[in-house]
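S.K.: This structure is in structure tokens; I'll ask about it shortly.
Each reported figure results from applying straightforward, stated rules to the coordinates on display, with no laboratory input. Because the structure is a prediction, the values reported are computed rather than measured. Heads up, the Cβs are rebuilt from the backbone with ideal geometry, glycines too, and the neighbour counts pull from every protein chain shown.
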Amino acid sequence: MLGVTDVEFLGCPDGRLTVTHELRRDISRVIRRVRPTRVVLQSPQRELRSMYGSHPDHIAAGEAAMCAVYPDACNPFAHPELLGDEGLAEHAVAQTWVMSGGEGADHYVDITATFDRKLAALEAHASQTGHLTDLEQRMRGWGELQSRAAGLPAGHLAEGYLVLDTR
């Protein structure tokens, strides 16, 4: 739906994700192998005003990914087996974009033109969204809130990020 050609699952069971040394290593492995210039991740902070946006798996994924970006993936002494056994040298990610609820965002992306594709992709993730009868309204409302925070014209939709220099 979105044109993604490469997806890698780390085998963590739904609802039981925790920040472990092993998870940080596994994410660092992918970063060192792919060598991205940008990583987009969930916020590692609980948003008390949004229980939906504060799912424990999302928070754990955000924290583990943040630790993998820095210090793990760019530190040659972190996870020495990645270099010694797998030949994966350290890599510094230039930017990390943290998904943000608006107050912490400093960069917004206008998603008006791609909203239908986003919605179709979410609907295809039936195990997570199949029970939601108001998915489009939720996503549209979220996008409108972000659009207002971005100062975009009425009728536009946006997503907000906190952009970090992580070199």
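S.K.: Taking 8 Å as the Cα distance limit and 6 or more residues as the minimum spacing, I'd like the relative contact order of the stretch 1-131 as a percentage.
M.R.: 29 percent
S.K.: How about the stretch 40-139: which trypsin sites (Lys or Arg not before Pro) there lie in a loop by DSSP and see at most 10 other Cβ atoms within 10 Å?
M.R.: Sparse-neighbourhood loop trypsin sites (Lys or Arg not before Pro): 49.
S.K.: Just rank 39, 19, fewest to most, by other beta-carbon atoms within 10 angstrom.
M.R.: Ordered from fewest to most neighbouring Cβ atoms within 10 Å, 39, 19 come out as 19, 39.
S.K.: Suppose every Lys and Arg Cβ carries +1 and every Asp and Glu Cβ carries -1, with no other charges. What dipole size does the stretch 101-158 come out with about its Cα centre, to the nearest 20 debye?
M.R.: Dipole about the Cα centre, nearest 20: 60 debye.
S.K.: Positive end of the charge dipole of the chain (Lys, Arg +1 and Asp, Glu -1 on Cβ, about the Cα centre): tell me which of 59, 10, 100 has its Cα farthest that way.
M.R.: Looking along the dipole axis, the top candidate is 100.
S.K.: Of the labelled options [x] 65, 32, 28; [y] 53, 33, 33; [z] 51, 50, 26, which one gives Cα extents along the principal axes in Å as computed for this structure?
M.R.: Correct label, based on the coordinates given: [y].
S.K.: Then there's this: Only helices at least 15 Å long along their axis, Cα-based, and averaging -1.0 or more on Kyte-Doolittle count here, so list those DSSP H runs from the chain.
M.R.: 21-34, 56-67
S.K.: Moving on to the next point. Rank the residues 79, 91, 21 as a footprinting-exposure proxy: fewest other Cβ atoms within 10 Å of their Cβ go first.
M.R.: Exposure proxy ranking, most exposed first: 21, 91, 79.
S.K.: May I ask you to sort 100, 127 by Cβ crowding, counting other Cβ atoms within 10 Å and putting the fewest first?
M.R.: 127, 100
S.K.: Sticking with this structure for a sec: Placing +1 on the Cβ of each Lys and Arg and -1 on the Cβ of each Asp and Glu in the stretch 117-167, which of 160, 143, 130 has its Cα farthest towards the positive end of the resulting dipole?
M.R.: The residue sitting most towards the positive pole is 160.
S.K.: If you find the alpha carbon centre of the stretch 1-70 and of the stretch 110-155, how far apart are they in angstrom?
M.R.: Measuring centre to centre over Cα atoms gives 21 Å.
S.K.: About the Cα centre of the chain, how large is the charge dipole given +1 on each Lys and Arg Cβ and -1 on each Asp and Glu Cβ? Please answer in debye to the nearest 20.
M.R.: Dipole about the Cα centre, nearest 20: 160 debye.
S.K.: Also, I was wondering about something else. For the chain, give the share of DSSP beta bridges that are antiparallel, in percent and rounded to the nearest 5; count only bridges with both residues there.
M.R.: 70 percent
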